[in-house]
Amino acid sequence: MQEIPVYLFTGFMDSGKTTLIRQTLLEQDFGDGAKTLLIVCEDGDEEYDEAELAKANTKLLMIENEEDFTETLLKNINLQYLPDQVFVEYNGTWGMDTILEANLPEGWMIVQSLATVDATTFEMYLNNMRAMIMEQLFKADVVIFNRCDENTPKIKFRGAVKSMNRPAQIVYERKDGSIDESEDELPFDLNQDIIEISDADYALWYMDAQENYKKYDGKKIEFTALVYNPDKMKKGMMVPGRFAMTCCIDDVTFLGFKCKYPDSKSIPHKSWIHIVAEIHVEFAKEYKGKGPVLYPISIEMTEKPEDELVYFS
């Protein structure tokens, strides 16, 4: 049975899905003339020109209601159109499980998922509809922030996505369509003798240190942490970190670093400390490879902060 690649485009209405699909199909000659079925699940401001689509050997099919997006319909569509490849412009208000957990027609396979995000409205959605917008992004292979400018908080957006979807490739596209490849600006100074990490910046620092650990090798870091150090923990080891809310209060996870400290048993489990430590990049089985390992320079017991959680935005 021939594999039929399915390309899934997610994101809220007016986030740029239609524009991206048109550019891919019409401007890039994607698939080199392959018979394409374009399934569109919402009617946005941007529309398709069926005459243009025909030039790209593409047939357009609208599915307006989520209850109509069934396995039976998809199988009938497959028999009717016999596509070589399928593009799906998914509705940003539909549950992702409707498509991700569906038994697709024989041969159909989602080979790439792309999510588009309007950078000018993303913070508003994070503040008011975090769970809903993150559902559109958490399985995407590529997340494209469009309509970016010099004021776009790229590192903040990156942290929000990576907290839910570590493998995602993130692309920033300017309003003129060009790609912004400038380095994300961190909210703390890596050139300080001791890098001070505030509670507000902890989650972003954690993600950056995990992904780009090489640049922290030999750096000294200072932050407030909750210590994971149960009785079963090996002597000389503990894990300072913070609980972070990634999506909602029901989705809280502990973000901590391996820490080598000879007197670790003197630090009670779930105690709060203010730690200054030097980072060494080492192989650690906890990281399944190399990563940042903390070597304390000083540790002081401290009071728990007013808000025990840290956030990615």
### Most mobile of ALA203, ALA244, ALA34 in a GNM of the chain (Cα contacts under 10 Å)
ALA34
### Query
Going through the stretch 188-256, which trypsin sites (Lys or Arg not before Pro) have at most 13 other Cβ atoms within 10 Å and a DSSP loop state?
LYS232, LYS234, LYS235
### Task
At 7 Å along the Cα-to-beta-carbon direction for both SER298 and ALA54, put a label point, then send me their distance in nm to one decimal.
7.7
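Could you work out [θ]222 nm for the chain from helices alone, using -39500 (n - 2.57) per DSSP H run of at least four and dividing by all its residues? Round to the nearest 500 deg cm²/dmol. The partial results should precede the final answer.
Values: 7 runs with 65 residues, N = 313.
About -6000 deg cm²/dmol.
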### Query
Cα to Cα, under 13 Å, and not fewer than 8 places away if on the same chain: which aspartates and glutamates meet these conditions relative to LYS175?
ASP118, ASP149, GLU150
### Task
Please tell me the relative contact order of the chain in percent, rounded to the nearest whole number, where contacts are Cα pairs under 8 Å and at least six residues apart.
15
### Query
LYS35 to ASP251: FRET efficiency via 1/(1 + (r/R0)^6), r the Cβ-Cβ distance, R0 30 Å, to the nearest 0.05?
0.15
### Folded to 0 to 90 degrees: helix 199-211 orientation relative to the chain principal axis, Cα
70
### Where N is the number of residues in the stretch 195-311, Cα Rg divided by 2.2 N^0.38 Å
0.99
### Message
Give me the percent relative contact order of the stretch 4-174, please, defined on Cα pairs under 8 angstrom at least 6 residues apart.
### Response
29
### Query
Roughly how many whole Å is it from the C-alpha centroid of the stretch 265-285 to that of the stretch 287-312?
7
### Query
In the stretch 107-190, what trypsin sites (Lys or Arg not before Pro) fall in a loop by DSSP, with at most 13 other Cβ atoms inside 10 Å?
LYS175
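Can you tell me the FRET efficiency between LEU104 and GLU181 if r is taken as the Cβ-Cβ distance and R0 is 22 Å, rounded to the nearest 0.05?
Numbers: r = 35 Å, r/R0 = 1.59.
It comes to 0.05.
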### Query
What residues qualify as long-range amide H neighbours of LYS290, i.e. H under 5 Å apart, gap of 5 or more or another chain, H built at 1.01 Å from N?
ALA284
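I want to verify the translational diffusion coefficient of the stretch 4-174 in µm²/s; compute it with Stokes-Einstein, Rh as the Kirkwood radius over Cα pairs, at 37 °C and 0.692 mPa s.
199
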### Message
Sorted from largest to smallest, which semi-axis lengths in Å does the alpha carbon gyration tensor of the stretch 157-220 give for its equivalent ellipsoid, taking the root of 5 times each eigenvalue?
### Response
24, 14, 11
### Summary
At the level of C-alpha centres, the distance separating the stretch 4-76 and the stretch 169-241, in angstrom, is 39
### Query
Among the aspartates and glutamates, which fall within straight-line cross-link reach of LYS260, defined as a Cα-Cα distance under 19 Å, with same-chain neighbours fewer than 8 residues apart omitted?
ASP217, GLU222, ASP231, GLU278, GLU282, GLU286, GLU300
### Message
Quick check for me: using +1 on Lys/Arg Cβ and -1 on Asp/Glu Cβ, what's the dipole size of the stretch 201-303 about its Cα centre, in debye to the nearest 20?
### Response
520
### Task
With θ set to phi - 60°, apply the Karplus curve 6.51 cos²θ - 1.76 cosθ + 1.60 along the stretch 4-16 and write out the HN-Hα couplings as whole Hz, x wherever there is a Gly or Pro.
10, x, 10, 10, 9, 10, 10, x, 5, 4, 6, 8, x
### Task
Could you tell me which GluC sites (Glu not before Pro) in the stretch 211-313 are loop residues by DSSP with no more than 10 other beta carbons within 10 angstrom of their beta carbon?
GLU303, GLU306
### Query
Residues in the stretch 111-126 near a label at ASP307, defined as backbone nitrogen under 15 Å from the 7 Å Cα→Cβ point?
126
#### Entry: Subset of LYS139/LYS220; LYS154/LYS270; LYS154/LYS290; LYS258/LYS288; LYS35/LYS139 violating a 23 Å alpha-carbon distance limit
LYS139/LYS220; LYS154/LYS270; LYS154/LYS290; LYS35/LYS139
### Message
Please list, short to long, the whole-number percent of alpha-carbon pairs of the chain in consecutive 10 angstrom bins beginning at zero.
### Response
5, 23, 27, 19, 14, 9, 2, 0
### Query
For the stretch 282-299, in order, what is each residue's ³J(HN,Hα) by Karplus, 6.51 cos²θ - 1.76 cosθ + 1.60 with θ = phi - 60°, in whole Hz (x at glycine and Pro)?
9, 6, 9, 4, 4, 8, 6, x, 7, x, x, 10, 8, 10, x, 9, 8, 9
### Task
Return the single residue from LEU204, LEU61, LEU114 with maximal mean-square fluctuation; model: Gaussian network over the chain, springs between Cα atoms under 10 Å.
LEU61
### Task
For ILE4, list long-range residues whose amide hydrogen, built 1.01 Å from N in the peptide plane, is under 5 Å from its own amide hydrogen.
TRP108, MET109
#### Entry: DSSP bridge pairs, the chain: antiparallel proportion in percent, nearest 5
45
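Read-outs: derived from the displayed coordinates by stated rules, not from any lab. Because the structure is predicted, anything quoted here is derived from the model rather than measured. Every residue, glycine among them, receives a Cβ derived from its backbone with ideal geometry; neighbour counts consider all protein chains shown.
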